[in-house]
Amino acid sequence: MAVLRSTSSATSASASFSCPKPSGTQQGDILIAFQTCSDFGNGNMTTPTGGSPWQLLGQRDDTEWAGTRVWWKRVGASEPAAYTFRQSGNNDSIAAIAAVADAGTATPLIASTENGADASVSCPSVSSSLSPGVTLRWAAGLRFSFVGWSAPSGYSEHLDRWLSAGATASLASRPRTATGATGAVAFTASSAPIFSHGFTVDVGGTAVPPAPPPPAIPPSKDIHYRYVFCDLLTDDYITDLDLSDVSYDRRIGEPGSFSGSISIPSNDPNLAEKVAAVVPRYPGDLSTGPGRCVVHVYRNGLIWGSYLIWQASLGMSDRGNLQARLSGATLESYLDRVEVREDLDFSDTDQVDIARALIESMQGQAGADLGITLAAGGSGVTRTVSYLAGESTSYGQRLNELSQLNDGFEWMIQTSDPGAGTRIREWVFGYPKIGETDTEHLFTQPGNVVSWQEDIDATRGATSFVARGESVNEDASSSGGPTLSVPHDAAAHFAAGWPRLDSTITAHFQRDTDTLDDYAARYAAQNAGAVRVHQVSIRLDGDDFTPAHLGDRARVVLVNQWWPRLNGAASFDQSWRVIGISVQATTRGQRETAQLVFEEVIDS
């Protein structure tokens, strides 16, 4: 039966702010989010982000007041500790989230009504055929002096807020034990708001019992992680930290992310000092901190990733629990933070030589030498390109533009530890691809596939593609349009009766039509029609698949109610290149899992 689990709330005058996930929230719960903004306009209250997608349930505004928006969603398997809300700048917002457990599959009911300048703010009735349920009431208004609220009779109040910019709101709830109309109820404000309205949201039904868990699978060999923090430029050792809630990923040709946390007990000053060696207490301490520290993730003695720490946060709960949280990205992310500040011209030069020259140029800048060695070899594909200092682009952007041309190449920065006391950072490439395409790793369900998902999205595909570059007109006094490629059509889709669906790919700073044709041809080859994207989460049994295997092929065989056996064989048996791996590291009470990212689509 649907029951209110808990609520959370937040207030802010920032353009972006967080509201905590209600305590005890579990997968399958329904979350209802309310946001009231004080803006004299639309408030720019966009859909919250974090975890499974939010959906707009209802809204009400006034020509002179942004008003309230309400969203809902069902909690997924991976949810953040807080959700991000947004609003226009220089305004106040009140946000609240209610978590409802054991609800049915129906979309929550909602109704709202305008109340005007009245101290009695009414919330309308809704009628539900689902029993039992939870009825939520939200009263909101705008007033520039203090307002307090009294909840309707029989309701439990969870929120009573007034902000100096004028927004005010209250949230109350009551269990519903019978079907039919909930009836209208009213909140009472201590002073009448200038504008006001009331919402009623009803969540009902009973959750479908989950399928019984599969038999326990004996664990594979023990997994041991070590997190080694060092200086970015020198790689000098700083400290080890025993992190928890660690997730990290590696991608071909783009930065992978890292996050982890550590709790600091009040009776362990030594641990506090170790954390302070990575996150300095004082702004004047420039010897360490985000922006100049890296963490090497060792898994069973091998480096699975090196991550530049870009952000850190420390906070203490009302119970006195102190926690530090760190986040960062792989060394590829550093290339996005160093701009090309010298003109570089290349004529009929192997594209891999151009890539190496870009990295050499970056490392020749003061304070930008990461000690990256460059793999030898070439591709046999020549390019004529110019990179101008005045274009204010980064080395990472230029490398990506170069590698993503038709007949391009792939690249990564890898860190290894040969055991001689010095780690090696190496830029490696593959033409046309990284990895062993003849090597195939097998993942099956039942077996080592934990979960899977397939998304089919025609909004990410098209049937006719054009690439758009910069204008060739250098005379600022006369008008000129951008340089365009010729259209590249998905011939097979048109032949099968597909409609025309256009896509224009923007290639910044490109003026060469041959290069633009390369862009358009590549997108037409990979993004024709409706794009299918597959996600597969696996158990990492031993060391059969590691980040060193990125570029190899994965064969995925599924047998389940959607993909049954046909003629004695699995009806889902697909093979893709793996271009990324996202790992949830082992922690207390949680087994290690990894999600594979496949080469199926490119985004414009």
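The values are calculated or read from the model by the stated rules, or taken from the named source; none is laboratory data. Because the structure is a prediction, the values reported are computed rather than measured. Note that each Cβ is placed from the backbone with ideal geometry, even for glycine, and that neighbours are counted across all protein chains shown. Quick note on the areas: whole protein, heavy atoms, side chains included, nothing else; ligands and nucleic acids left out. Shrake-Rupley method; radii C 1.70, N 1.55, O 1.52, S 1.80 Å.
Does any residue in region 357-380 that is free of Cβ contacts under 8 Å to residues at least 60 places away in the same chain and closer than 15 Å to SER403 by Cβ come within less than 9 Å, Cβ to Cβ, of a residue that is assigned to a loop (DSSP other than H, G, I, E, B) and among the hydrophobic types (A, V, I, L, M, F, W, C) six or more places away or on a different chain, and which pairs are these?
Every condition considered, the pairs that remain are LEU358/VAL340; SER379/PHE409.
Do the conditions hold for PHE572, that is, is it open to solvent by less than 30 Å² (accessible area, probe 1.4 Å), more than 23 Å from the chain's Cα centre (by Cα) and within 23 Å of ASN300 (Cα to Cα)?
Details: open to solvent by less than 30 Å² (accessible area, probe 1.4 Å): yes; more than 23 Å from the chain's Cα centre (by Cα): yes; within 23 Å of ASN300 (Cα to Cα): no.
When the stated conditions are applied, PHE572 does not pass them.
Can GLN414 be described as part of a strand (DSSP E or B), surrounded by 15 or more Cβ atoms within 10 Å (Cβ to Cβ), not acidic (Asp, Glu) and not assigned by the TED database to the domain that holds VAL294? Write out each step before concluding.
Numbers: part of a strand (DSSP E or B): yes; surrounded by 15 or more Cβ atoms within 10 Å (Cβ to Cβ): yes; not acidic (Asp, Glu): yes; not assigned by the TED database to the domain that holds VAL294: yes.
Here the answer is yes, as GLN414 does meet what is asked.
Among the listed residues ALA77, ALA96, ALA101, which satisfies the condition of being open to solvent by 50 Å² or more (accessible area, probe 1.4 Å) and either at negative phi or in the same structural domain as ALA169 (by the TED database) (or both)?
ALA77
Please go through region 265-295 and give me each residue that is in contact (Cβ under 8 Å) with a residue 60 or more places away in the chain and surrounded by fewer than 18 Cβ atoms within 10 Å (Cβ to Cβ), ordered by number.
Matches in region 265-295: ARG292 only.
Would you pick out the residues in region 445-461 that are assigned to a loop (DSSP other than H, G, I, E, B), under 23 Å from ALA569 (Cβ atoms) and open to solvent by less than 60 Å² (accessible area, probe 1.4 Å)?
Scanning region 445-461 gives GLY447, ASN448.
With respect to the numbered conditions (1) at negative phi; (2) in contact (Cβ under 8 Å) with a residue 40 or more places away in the chain, which one is the sole condition not fulfilled by ALA490?
It is condition (2) that ALA490 fails.
Suppose we keep only residues that are small (Gly, Ala, Ser) and either surrounded by fewer than 24 Cβ atoms within 10 Å (Cβ to Cβ) or outside the structural domain of ALA119 (by the TED database) (or both) within region 129-149. Which one would you say is farthest from TRP65 (Cα to Cα)?
Top of the filtered list is SER131.
If a residue must be touching a strand residue (DSSP E or B) at 6+ places or on another chain (Cβ under 6 Å), at pLDDT 90 or above and over 14 Å from ALA462 (Cα atoms), how many such residues does region 478-508 contain?
Result for region 478-508: 2.
Kindly provide the set of residues from region 538-551 that are more than 14 Å from VAL449 (Cα to Cα) and either without any contact (Cβ under 8 Å) to a residue 60 or more places away in the chain or under 25 Å from the mean Cα position of the chain (by Cα) (or both), ordered by number.
THR546, PRO547, ALA548, HIS549, LEU550, GLY551
Of everything in region 6-20, what is open to solvent by 30 Å² or more (accessible area, probe 1.4 Å) and either outside the structural domain of LEU163 (by the TED database) or out of contact with any Asp or Glu (no Cβ under 6 Å at 6 or more places or on another chain) (or both)? Give them in sequence order.
THR7, SER9, THR11, SER14, ALA15, SER16, SER18, PRO20 - these are the residues of region 6-20 that are open to solvent by 30 Å² or more (accessible area, probe 1.4 Å) and either outside the structural domain of LEU163 (by the TED database) or out of contact with any Asp or Glu (no Cβ under 6 Å at 6 or more places or on another chain) (or both).
Since ALA329 meets every condition but one in (1) closer than 22 Å to TYR395 by Cα; (2) in a loop (DSSP other than H, G, I, E, B); (3) open to solvent by less than 50 Å² (accessible area, probe 1.4 Å), which condition does it not meet?
Condition not satisfied by ALA329: (2).
Does region 345-352 contain at least one residue that is in contact (Cβ under 8 Å) with a residue 12 or more places away in the chain, part of a loop (DSSP other than H, G, I, E, B), open to solvent by 40 Å² or more (accessible area, probe 1.4 Å) and not hydrophobic (A, V, I, L, M, F, W, C)?
Filtering region 345-352 down to residues in contact (Cβ under 8 Å) with a residue 12 or more places away in the chain leaves 345-352.
Next, from what is left, pick out any that are part of a loop (DSSP other than H, G, I, E, B): none.
There is no residue in region 345-352 that is in contact (Cβ under 8 Å) with a residue 12 or more places away in the chain, part of a loop (DSSP other than H, G, I, E, B), open to solvent by 40 Å² or more (accessible area, probe 1.4 Å) and not hydrophobic (A, V, I, L, M, F, W, C).
Just need a number here: residues in region 525-537 that are open to solvent by less than 20 Å² (accessible area, probe 1.4 Å), in contact with a Ser or Thr (Cβ under 8 Å, 6 or more places away or on another chain) and closer than 22 Å to THR506 by Cα.
Number of matching residues: 2.
A quick yes/no check of all residues on (1) modelled with pLDDT under 85; (2) open to solvent by 20 Å² or more (accessible area, probe 1.4 Å); (3) assigned to a loop (DSSP other than H, G, I, E, B):
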site	(1), (2), (3)
ALA172	no, no, no
HIS197	no, no, no
THR200	no, no, no
PRO214	yes, yes, yes
PRO218	yes, yes, yes
ARG226	no, yes, no
ASP235	no, yes, yes
TYR248	no, no, no
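Counting only residues that are assigned to a strand (DSSP E or B) and open to solvent by 60 Å² or more (accessible area, probe 1.4 Å), which one in region 549-569 is farthest from PRO255 (Cα to Cα)?
Only one residue tops the list, namely LEU566.
Tell me which residues, restricted to region 495-517, are part of a helix (DSSP H, G or I) and either within 18 Å of VAL531 (Cα to Cα) or open to solvent by 60 Å² or more (accessible area, probe 1.4 Å) (or both).
Residues satisfying the conditions are ALA495, THR513, ASP514.
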